[in-house]
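S.K.: First the structure, then my questions, so here it is.
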Amino acid sequence: MMFAPAPFLLKDASVSQVMTQVCMALIPGIAAYSWLVGPAILIQLTIASLTALLAEALMLYLRDKPLALFLSDGSAVVTAWLIALTFPPLAPWWLVTTGTVFAIVFAKHIYGGLGQNPFNPAMVAFAVCIVAFPAQMSQWPNIGLEQSLVDQLNIILGLAPRVDALSGATPLDAMKTALKLGDGQVDIAHLLANQDIYGNFAGRGWEWVATGYLLGGLWLWQRKLITWHAPFAFLAALISLSGALWLYQPATFASPLFHLLSGGAMLGAFFIVTDPVSGCTTPRGKLIFGAGVGLLAYIIRVFGGYPDGVAFAILLMNLSAPVIDLLTQPKIFGLKAAGKGERR
Amino acid sequence: MLKQLFKFKGGVKPPTNKTQSTTLPIAGAPIPSRLVVPLHQSIGGTPRPVVQAGDTVLKGQLIGEADGWISAAVHAPTSGTVVDVGMYVQPHPSGLDAQCVVIEPDGRDQWIAHAPFDYAHATPDAVRHYLQQSGVVGLGGAVFPTHGKLTASKTVPMDELIINGAECEPFITCDDLLMRERAEDVVRGIGVFRDLLKPKKVLIGIEDNKPEAAAAMRAAVNALGEQFLVVQVPTLYPAGGAKQLIRVLTGKEVPASKRSTDLGVQCFNVATAYTAWCAIATGQPVISRLVTVSGNVQAPRNYEVLIGTPMGELLQLGQPHPDTDGIVMGGPMMGFLVPNDTVPVVKATNCLIAHSERLFPPKAPEMPCIRCGACGEACPHELQPFELYWNARARNFGKTQEFHIFDCIECGCCSFVCPSRIPLVQYFRFAKSEIWAREREKNAADEAKVRFEFKQYREEREKAEKAEKLAKAAAAQAAKKAAEAAAIAAVESPSETPAPAPTEATGNTPLPAVDPAQDAKKAAIAAAMARAKAQREAAQPKNTETLNADQARELADIEARRQQAGIVEARTAVPPPSDAATQKAE
Ligand code: SF4
Ligand code: SF4
């Protein structure tokens, strides 16, 4: 007789269930996204997913791991989706493909595969591509253009000219550039009045995508798949720093709300800062990790040379996560400073 | 009366599966064809057998006598003939044999002469001794000899006596039924514990999924005019772990490094209180206990079972379904599959679950840890199970201790929730047993070292003593000579002082020499201590980075055992009275 030992009863849980729920939580954001830019984002999601699964299969085969077991765990798809959602939606197909292959092969499997990667693979892909292909990575679609599925597919596959659809930058980037060009003479309120780029609070339409991520994130929290610590600390840090500068000089620093709803802030807060593999695991560690990402992201996106800072901020904090974890081990049962009921 | 309750962190809610076995009242299990009564049924020493093959015994006759303070007597569960005193396989995950007395019942079930214990006039020591002689041990699973827990700490006042009727493990209902049907005897037993420990408060904790039991206990407490508080605690596994129940009822947290009495709390299981009272009231020792028979059976029920009954025979009473492929002793969270169905029911056996793949489907394949933290959220001791796991896996046993592996009570909550289906508890048992194995080796080495050092010290001491003796003799001689010389000198020229003479004479050793000898001894001792300390430190479990040949060999051994652990459950985990054991319920 061969049996697994106690506990004999197990909760119904699996890695693929976890990953599936993460994907489900992304759906509100994706819905808003495709409403905003058209089906392009769905095409990118598909390209990224297929690439990720192929790359994953290849690596599993090379590493002599059970294919079916690991392909169905869903982790590659989560990575793929995060890549597709952070890359420009009309980027050429090879850009997303390259990023995804890099994420799966180098950022994940070279380090030992599922659960072993010190850096978030999607963020590695983003960082590598923005350094290697800065032009393609900053071509964002102009919002409000009516394009059909075929049009967009042609653009992505490189079968149609890319010009007019892609003159845009992200609202965040647009603002930074405008502020730089204005050299202290431009007022933010004045810039925000440009209804082509900006909506009520932040980037036109983008603010609703961010809200979609927020909803999905809250759902993950309610399902106990993530804890509040890291997102809270991240958002709090972002709000505090941007708020302080905004109060100090509202003409040259955008409001906290603008920062919250721009770029990768919401996606980062609930889907990337919360990545347990490359992030911190202790409660205090998660707070420090999240706050660190928030501060760095703000600094890089406002003062740095890149359109957004979330990816670099996360990679930097990934580096320090093991040390933070080590230094923030929680006190265990019975070893806390005299508990409530303890009198002596 | 409302009582403020505290929460413990973590915990899980597995399906309770308790109602199946509570519909019928407790039944007596018939006398089996043969009884195999292990002598070692409680934590501590192994009782000495006092019968031999061929002896006839009466029901309740002493067959194993306690061999120390932490040990409890063992008695014949029925009358009959002793057919063997020998090694038989035990209901223990290790599957190891232990000494048992095998009795062939004569069917008459004839009691040995016995009389109630004169409790009213007995001193506390006499009561404790009587309980030890009656074989009263903790029946919540830890089987710690009860008398050993009935002495209050001299320094810390006893605040609360906790009586554990929580019974949080799924399937198990023997305490529930006991409280429903025999509440008064339980309460009287609690009264005995109260008399001995003199706590300020007595709290009886019962999970709120057992309202009948709680009501029966309340009624009994009132009927007997006691001041005990029956508290219904939220149903949350492992609320019945002693440390968790203490936390819930008092807010106190007992770490692994302390005993609950250090915090002014003591905890007993309801069934222990019951057997203690039965022993006192009737004079009958502990020869049976209540066992839940459940799981993959047609007729789940609670039985009063003679200790030593083969588990297979008991399980038959429940009519197991044909696809039954094993017997789990204990609950599905902390229990284990017994090696075969001939192993006997012992005092620690609270439940038998017929195992089948239908009931407990085979586990999905193990995936890598994704550090999701679900295990940490579920751990009632607020450990970081995945950190323990990574380190246990990497054989960084020193690190597992830094992450408090010995605070783990092996409750299984972490394994229960892990999405990667990692058998975490198994890794922890493995790590603990490895650490114990190293401790043992180290102790053996230490002893050898101490012996060697003592020998050296003795030789040095003997040398020093010899030198001292010689020196004294020389000094005596010198002194004598000097005295003679002085006498002569005095006679010859009285004006000369004799003072320099002894000084001259001592040049060869006497007084100053005694001191160097002692200093040398002291230095030798100090050096030996320093050496021992250095070696002790060197022997501490270290990480595996720097390996010499010995360590590499040791690791290979570990690897072999580990593989074994992976396949056959806890073959490596032959826990000495682990915290996990003491933790459970008592
Ligand atoms: S629950 Fe399992 S997968 Fe999650 S952190 Fe714990 S051990 Fe790792
Ligand atoms: S088995 Fe140990 S580590 Fe796991 S939940 Fe229980 S106490 Fe925590």
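S.K.: Considering only residues of region B:363-386 that are more than 8 Å from every other protein chain (Cβ to nearest Cβ) and closer than 24 Å to A:Lys336 by Cβ, which is nearest to ligand 1 (Cβ to nearest atom)?
M.R.: B:Cys375
S.K.: Turning to a different aspect of this structure: Which of the residues that make up region B:387-416 are free of Cβ contacts under 8 Å to residues at least 60 places away in the same chain, within 20 Å of A:Lys11 (Cα to Cα) and within 8 Å of chain A (Cβ to nearest Cβ)?
M.R.: B:Ser415
S.K.: If you don't mind, another one. How many residues does region B:210-226 hold that are open to solvent by 10 Å² or more (accessible area, probe 1.4 Å) and either β-branched (Val, Ile, Thr) or in contact with a helix residue (DSSP H, G or I) (Cβ under 8 Å, 6 or more places away or on another chain) (or both)?
M.R.: 6
S.K.: Looking at B:Lys399, B:Lys449, B:Lys463, which is the one that is away from ligand 1 (no atom under 12 Å from the Cβ) and within 17 Å of B:Arg371 (Cβ to Cβ)?
M.R.: B:Lys399
S.K.: Here are B:Ser260, B:Ser288: which of them is within 14 Å of another protein chain (Cβ to nearest Cβ), among the hydroxyl-bearing types (Ser, Thr, Tyr) and open to solvent by 10 Å² or more (accessible area, probe 1.4 Å)?
M.R.: Just one listed residue meets the conditions, B:Ser260.
S.K.: Take region B:91-105 and flag every residue that is open to solvent by 60 Å² or more (accessible area, probe 1.4 Å) and of a type outside the set (A, V, I, L, M).
M.R.: Result: B:Asp97, B:Gln99, B:Glu104.
S.K.: Any residue that is without any contact (Cβ under 8 Å) to a residue 24 or more places away in the chain and either open to solvent by less than 20 Å² (accessible area, probe 1.4 Å) or within 16 Å of ligand 2 (Cβ to nearest atom) (or both) - is there at least one of those in region B:335-346?
M.R.: no
S.K.: So B:Ile409 fits all but one of (1) outside any loop (DSSP other than H, G, I, E, B); (2) away from ligand 1 (no atom under 14 Å from the Cβ); what number is the exception?
M.R.: (1)
S.K.: Can you find a residue that is at pLDDT below 90 and out of contact with any Gly (no Cβ under 6 Å at 6 or more places or on another chain) anywhere in region A:233-244?
M.R.: No, that holds for no residue.
S.K.: Within region B:425-444, does at least one residue satisfy the condition of being near ligand 2 (Cβ under 10 Å from one of its atoms) and closer than 18 Å to A:Ser278 by Cα?
M.R.: No, every residue in region B:425-444 fails to be near ligand 2 (Cβ under 10 Å from one of its atoms) and closer than 18 Å to A:Ser278 by Cα.
S.K.: Then there is this: Would you please list the contacts, defined by Cβ atoms under 7 Å and residues six or more apart or on different chains, that run from a residue in region A:274-292 that is more than 16 Å from ligand 2 (Cβ to nearest atom) to a residue that is among the acidic types (Asp, Glu)?
M.R.: A:Cys280/A:Asp325; A:Gly285/A:Asp325
S.K.: Scan region B:449-459 and tell me whether some residue there is away from every other protein chain (no Cβ under 13 Å), within 29 Å of the chain's Cα centre (by Cα) and among the hydrophobic types (A, V, I, L, M, F, W, C).
M.R.: Taking every residue of region B:449-459 in turn, at least one turns out to be away from every other protein chain (no Cβ under 13 Å), within 29 Å of the chain's Cα centre (by Cα) and among the hydrophobic types (A, V, I, L, M, F, W, C).
S.K.: Would you check which residues across region B:382-400 are buried (at least 24 other Cβ atoms within 10 Å of the Cβ) and polar (S, T, N, Q) and list them?
M.R.: B:Thr400
S.K.: In region A:300-335, what count of residues is obtained for those that are in a loop (DSSP other than H, G, I, E, B), without any contact (Cβ under 8 Å) to a residue 24 or more places away in the chain and within 14 Å of chain B (Cβ to nearest Cβ)?
M.R.: 5
S.K.: Restricting to region B:376-397, name every residue that is more than 26 Å from the chain's Cα centre (by Cα) and either more than 16 Å from ligand 2 (Cβ to nearest atom) or closer than 21 Å to B:Gly240 by Cβ (or both).
M.R.: Matches in region B:376-397: B:Glu377, B:Ala394.
S.K.: Separate question: Hey, among A:Ala6, A:Ala68, which residue is open to solvent by 20 Å² or more (accessible area, probe 1.4 Å), within 14 Å of another protein chain (Cβ to nearest Cβ) and either modelled with pLDDT under 95 or within 30 Å of B:Pro15 (Cβ to Cβ) (or both)?
M.R.: That would be A:Ala68, the only listed residue that is open to solvent by 20 Å² or more (accessible area, probe 1.4 Å), within 14 Å of another protein chain (Cβ to nearest Cβ) and either modelled with pLDDT under 95 or within 30 Å of B:Pro15 (Cβ to Cβ) (or both).
S.K.: Hey, could you check region B:3-53 for residues that are among the basic types (Lys, Arg) and part of a loop (DSSP other than H, G, I, E, B) and say which is nearest to B:Gly64 (Cα to Cα)?
M.R.: Filtering first and then ranking leaves B:Arg34.
S.K.: Right, something else. From (1) assigned to a helix (DSSP H, G or I); (2) within 14 Å of chain B (Cβ to nearest Cβ); (3) over 28 Å from B:Cys413 (Cα atoms), pick out the condition that doesn't hold for A:Met19.
M.R.: So the condition that A:Met19 fails would be (3).
S.K.: Quick check: is even one residue across region A:249-257 more than 14 Å from every other protein chain (Cβ to nearest Cβ) and in a helix (DSSP H, G or I)?
M.R.: Scanning region A:249-257 turns up at least one residue that is more than 14 Å from every other protein chain (Cβ to nearest Cβ) and in a helix (DSSP H, G or I).
S.K.: Please count how many residues of region B:327-362 are within 10 Å of chain A (Cβ to nearest Cβ), on the phi < 0 side of the Ramachandran plot and either in a loop (DSSP other than H, G, I, E, B) or hydrophobic (A, V, I, L, M, F, W, C) (or both).
M.R.: Within region B:327-362, residues that are within 10 Å of chain A (Cβ to nearest Cβ), on the phi < 0 side of the Ramachandran plot and either in a loop (DSSP other than H, G, I, E, B) or hydrophobic (A, V, I, L, M, F, W, C) (or both) number 16.
S.K.: So which residues in region B:364-375 are within 16 Å of ligand 2 (Cβ to nearest atom) and in a loop (DSSP other than H, G, I, E, B), if there are any at all?
M.R.: Answer for region B:364-375, where residues must be within 16 Å of ligand 2 (Cβ to nearest atom) and in a loop (DSSP other than H, G, I, E, B): B:Glu366, B:Cys369, B:Arg371, B:Cys372, B:Gly373.
S.K.: Further, regarding this structure: Report yes if some residue within region B:242-252 is within 10 Å of another protein chain (Cβ to nearest Cβ) and either free of Cβ contacts under 8 Å to residues at least 24 places away in the same chain or assigned to a loop (DSSP other than H, G, I, E, B) (or both); otherwise report no.
M.R.: Yes; the residues of region B:242-252 include at least one that is within 10 Å of another protein chain (Cβ to nearest Cβ) and either free of Cβ contacts under 8 Å to residues at least 24 places away in the same chain or assigned to a loop (DSSP other than H, G, I, E, B) (or both).
S.K.: Which residues, taken from region B:418-435, are closer than 16 Å to B:Leu388 by Cβ and either open to solvent by 30 Å² or more (accessible area, probe 1.4 Å) or within 16 Å of ligand 1 (Cβ to nearest atom) (or both)?
M.R.: B:Cys418, B:Ser420, B:Ile422, B:Pro423, B:Leu424, B:Val425, B:Gln426, B:Tyr427, B:Phe428, B:Arg429, B:Phe430, B:Ala431, listed by residue number.
The values are calculated or read from the model by the stated rules, or taken from the named source; none is laboratory data. Bear in mind the structure is a predicted one, so any value in this text is a computation, not a measurement. Cβ atoms come from the backbone with ideal geometry, glycine included; neighbour counts cover every protein chain shown. In case anyone asks, the SASA skips ligands and DNA or RNA and just uses the protein heavy atoms, side chains included. Shrake-Rupley method; radii C 1.70, N 1.55, O 1.52, S 1.80 Å.
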